Amino acid sequence: MKRRSLPVATTVAATAALLLTACGGGDDASKDEKIAGADTGSSSSAAAPSPTASDPANRPEITLPKGVEDVFEKWETGDTTKDAVLSDAARAQTAMNDAITQGKTDTPGLTFYYQGKALTTSVKWVQKWLDAGITYTGTTRYFDPKVELFDDKSAGVSFCADETKAYNKDRKTGKVDKSPASDDSYVLYNTRLEKNEQGVWQTTDGTSVRGSATCVQ
């Protein structure tokens with residue numbers, strides 16, 4: 001249930017203050033992995049949005065394997081720009097999980113939704129999973145998203161992840177580790193996103209804290 005319990009400290013490193021400030025961050029290592037989020041009014045749960053025919057960004061199609069699911073709760077605000085930021089933050093999260101389950105560090109999703117420091121550290125994070133010989137199965141629930149627009153091309157997003165129903169899985173044997181859930185099954189993510197020329201909000205930096213009291217339920 002503590003799916004991300006690898007002997008490493010970071011996926012996307014930066015300072016916690018980075019998120020909700022317009023300035024850049026530093027290199028402080030986060031306590032564990034991942035990214036993104038925003039405040040909402042909708043009560044629905046859904047997977048990350050799929051690309052549409054009218055989207056000029058030519059987004060890669062990302063499909064998680066059977067038995068693996070990302071659920072995003074209340075990731076809509078009603079504000080067009082904020083919802084666009086949230087959608088790409090969610091897609092970045094799913095792109096990371098897709099890379100982990102595929103066992104590849106060069107998936108189209110990673111290079112599309114991550115840039116700069118976030119891309120470098122995300123690739124290293126996926127490699128840690130490969131080196132450990134594990135993947136994961138189950139459902140990750142992303143909730144309590146919050147978003148702040150700094151200007152028309154940069155934003156900060158935070159959210160919580162509930163990994164109580166996600167489990168490490170040995171790549172070779174297929175054995176699933178269903179260790180009991182704990183406070184460490186909950187992760188707080190803070191990220192910075194920047195809009196590129198194609199209109200994609202790419203994750204460029206961020207932090208994560210496992211066992212954060214903000215997220216534990």
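Just so you know, all these numbers are worked out from the coordinates, no wet-lab data involved. Everything numeric in this text was worked out from a predicted model, so none of it was measured. So basically every Cβ, Gly included, is an ideal-geometry build from the backbone, and we count neighbours across all protein chains shown.
What to note about this one:
- Projected onto their three principal axes, the Cα atoms of segment 101-217 cover extents of 47, 34, 18 Å, largest first.
- Only Lys, Arg, Asp and Glu carry charge here, each on its Cβ (+1 for the first two, -1 for the last two); on that basis segment 112-200 has a dipole of about 460 debye about its Cα centre.
- Filter on 66/104; 117/175; 74/175; 104/169; 74/195 - keep pairs with C-alpha separation over 24 Å: 117/175; 74/175
- Spacing of the modelled spin labels on residue 149 and residue 178, each 7 Å from Cα toward Cβ, amounts to 4.6 nm.
- Sites residue 197 and residue 104, calculated FRET efficiency, Cβ-Cβ separation with R0 30 Å, nearest 0.05: 0.70
- Rh by Kirkwood over Cα pairs, then Stokes-Einstein D for segment 73-156 at 1.306 mPa s and 10 °C, µm²/s: 113 µm²/s
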